[in-house]
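Here the structure is laid out as structure tokens; the discussion comes afterwards.
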Amino acid sequence: MADNKKKSTKKNKKIQKPSGKLGVLIPGMGGAVATTFIAGVEAIRRGIGKPVGSLTQMARIRIGKRTEKNSPLIKEFIELAGLDDLVFAGWDIYPDNCYEASLKAGVLEKDQVEALREPLERLKPMPAVFSRDYVKNLDGKHLKKGKTKMDLARQLIEDIENFKKESGVSRLVMVWCGSTEVYIKQSPVHASLTAFEKGLKENHPDIAPSMIYVYAALKCGVPYANGAPNLSVDFPAMMDLAKKNGLPIAGKDFKTGQTLMKTILAPGLKSRMIGLHGWFSTNILGNRDGEVLDDPYSFKTKEESKLSVLEYMFQPELYPELYSDYYHKVRINYYPPRGDAKEAWDNIDIFGWLGYPMQIKVNFLCRDSILAAPIVLDLVLFLDLARRAGFDGIQEWLSFYFKSPMHGEGLYPEHDLFIQLMKLKNTLRYMKGEELITHLGLDYYDLM
Ligand SMILES: NC(=O)c1ccc[n+]([C@@H]2O[C@H](COP(=O)([O-])OP(=O)(O)OC[C@H]3O[C@@H](n4cnc5c(N)ncnc54)[C@H](O)[C@@H]3O)[C@@H](O)[C@H]2O)c1
């Protein structure tokens, strides 16, 4: 058998220990995703729930050759903050504490929320930076006031500094769980930090509230992940600021529900060279997110994020006979009776040998926030890890969690869930100086 060590990619990066508490800052703290995440962590801490869906808590990672049978839990393999070390804070445009907000969100059973009343009631959101110009269907009053967007940024920075002092946390991360803002394209105000700061002082209309949170976070040395499809961190001024301050950033739009299914199914079809005539996706949902997306300007942001997935995965430019001519449509319909229990239908028209047509129907009765909560947890823990491992800028290895992964200039985003998972696990191996796993495996057969 060949000596595996010869091909070592060992780098032995030094990872700082996660000593002290980790502060978790959440814009949109009263929403369905945020409250389901926080209540879930509280339940797991008390032993009354399991972290299903979370890689940091449940997944294993193979180290070395298959014959070594060494597959520790990720959380035992690499130094992650523990669930007991998380301390929550956040902002929302409604003043409800997390107990009231969880009941309103209606994701978790009433009895379960009741059992967590005491820790949830203690969590009250700070007044938000918000404007109806960017989320038209909401009208909360729990807001900060300021003459300029820079004034608002300063107030957020003060909130972050006060929380750090009062809670005694040693490190912080921020995850945007706020509503989807209207579609904004990159413009000159996003091109550099100087232009952006000038824009903050002059109330530039292309600076959305989510961008003000990002600015405050990065100024305070806090890594940031974006769970919504807004532009919030995905432009040069913020990418440069992240690099300059040595901070990891990730985004955008949590990959749950229908898009998760797409990125599971599409790579399978493509890997077998099955052609595609069309993919029609429709959803009904009745939560606050659905209400926000009922506004065409917020929907446009979501639509862009959802549509790009297939285009990149099928690579029509490389496979024109199979994928250059398919019809792709995504619909989201606000239907209040459903609450958070969304229903999604996909009709997929495919074709095989000699062009013979076939169909696949998917009817996914999912719970969006139940799928999103473990993503928030993993992003919190992995962003903190990335910071301690000296990784900064875009964290492409976290693409696994996003519908519309951020990527470097000149690269296309990788959407295939299985490539994303391999990349994530190899990044963890790399951080620890372990052998990367390529799945070549010739050495098992004495061929190397
Ligand atoms: N639920 C999912 O599975 C899922 C999947 C992918 C992406 N997302 C995105 O995650 C975000 C949260 O989803 P949700 O289902 O919890 O929605 P939600 O409407 O229940 O929660 C969003 C919260 O953000 C608050 N908010 C809005 N603007 C704010 C601001 N400027 N500052 C502070 N708070 C603000 C709202 O008041 C609300 O409480 C949405 O953008 C959604 O599109 C959700």
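The values are calculated or read from the model by the stated rules, or taken from the named source; none is laboratory data. Since we're looking at a predicted model, the values are computed, not measured. Every residue, glycine as well, gets a Cβ built from its backbone with ideal geometry; the counts of neighbours run over all protein chains shown.
Could you give me the residue pairs with C-beta distances under 8 Å whose first residue belongs to segment 235-259 and is within 15 Å of TYR213 (Cβ to Cβ) and of a type in the set (Gly, Ala, Ser), whose second residue is within 16 Å of the ligand (Cβ to nearest atom) and in a helix (DSSP H, G or I) wherever it lies, and which are 6+ apart or on separate chains?
ALA250/LEU379; ALA250/LEU398; ALA250/TYR401
Okay, residues lined up against (1) farther than 24 Å from GLY53 by Cα; (2) away from the ligand (no atom under 16 Å from the Cβ):
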residue	(1), (2)
LEU322	yes, yes
VAL330	yes, no
ASP346	no, yes
GLY352	yes, yes
ILE360	yes, yes
SER369	no, no
VAL380	no, no
ALA386	no, yes
ASP392	yes, yes
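For segment 79-97, name all the residues that are in contact (Cβ under 8 Å) with a residue 40 or more places away in the chain and closer than 17 Å to LYS141 by Cα.
Selection gives GLY90, TRP91, ASP92, ILE93, TYR94, PRO95, ASP96.
State the number of residues belonging to segment 223-271 that are within 30 Å of ARG331 (Cβ to Cβ) and either outside any helix (DSSP H, G or I) or of a type in the set (S, T, N, Q) (or both).
Within segment 223-271, residues that are within 30 Å of ARG331 (Cβ to Cβ) and either outside any helix (DSSP H, G or I) or of a type in the set (S, T, N, Q) (or both) number 22.
For segment 101-135, give me each residue that is of a type in the set (D, E, K, R) and closer than 23 Å to TYR215 by Cα.
Within segment 101-135, LYS124, ARG132, ASP133 meet the criteria.
Would you check which residues across segment 273-298 are in contact with a helix residue (DSSP H, G or I) (Cβ under 8 Å, 6 or more places away or on another chain), more than 10 Å from the ligand (Cβ to nearest atom) and polar (S, T, N, Q) and list them?
Correct list: SER281, ASN283.
List the helices (runs of 4 or more DSSP H) inside segment 131-222, counting only whole elements, that have at least 1 residues being touching a residue at least 12 places away in the same chain (Cβ under 8 Å) and within 13 Å of the ligand (Cβ to nearest atom).
In segment 131-222, the matching helices (runs of 4 or more DSSP H) lie at 149-167, 209-219.
Of all residues being part of a loop (DSSP other than H, G, I, E, B) and not aliphatic (A, V, I, L, M) in segment 110-130, which is nearest to the ligand (Cβ to nearest atom)? Just the residue, please.
Checked segment 110-130; the qualifying residue nearest to the ligand (Cβ to nearest atom) is PHE130.
Being away from the ligand (no atom under 16 Å from the Cβ), surrounded by 15 or more Cβ atoms within 10 Å (Cβ to Cβ) and not basic (Lys, Arg) is the filter here, so list the residues in segment 23-72 that pass it.
Scanning segment 23-72 gives GLY23, GLU42, ALA43, ILE44, GLY49, PRO51, LEU55, THR56, GLN57, ALA59, ILE61, ILE63.
Can you tell me which residues in segment 33-68 are part of a helix (DSSP H, G or I) and aliphatic (A, V, I, L, M)?
Listed by number, the residues that qualify are VAL33, ALA34, ILE38, ALA39, VAL41, ALA43, ILE44, LEU55, MET58.
Which one of these does SER232 not meet: (1) in contact (Cβ under 8 Å) with a residue 40 or more places away in the chain; (2) polar (S, T, N, Q); (3) more than 11 Å from the ligand (Cβ to nearest atom)?
SER232 satisfies all of (1) in contact (Cβ under 8 Å) with a residue 40 or more places away in the chain; (2) polar (S, T, N, Q); (3) more than 11 Å from the ligand (Cβ to nearest atom) except (3).
Taking the residues in segment 258-291 that are within 25 Å of VAL173 (Cβ to Cβ) and either hydroxyl-bearing (Ser, Thr, Tyr) or surrounded by fewer than 23 Cβ atoms within 10 Å (Cβ to Cβ) (or both) as candidates, determine which candidate is modelled with the lowest pLDDT.
In this case the residue turns out to be ARG288.
For every residue, the table says whether it meets (1) surrounded by fewer than 24 Cβ atoms within 10 Å (Cβ to Cβ); (2) over 18 Å from LEU385 (Cα atoms).
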residue	(1), (2)
ALA216	no, yes
VAL222	yes, no
ASP234	yes, yes
GLY246	yes, no
GLY251	no, no
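What is the one condition in (1) within 16 Å of the ligand (Cβ to nearest atom); (2) among the β-branched types (Val, Ile, Thr); (3) surrounded by fewer than 17 Cβ atoms within 10 Å (Cβ to Cβ) that THR301 does not satisfy?
(3)
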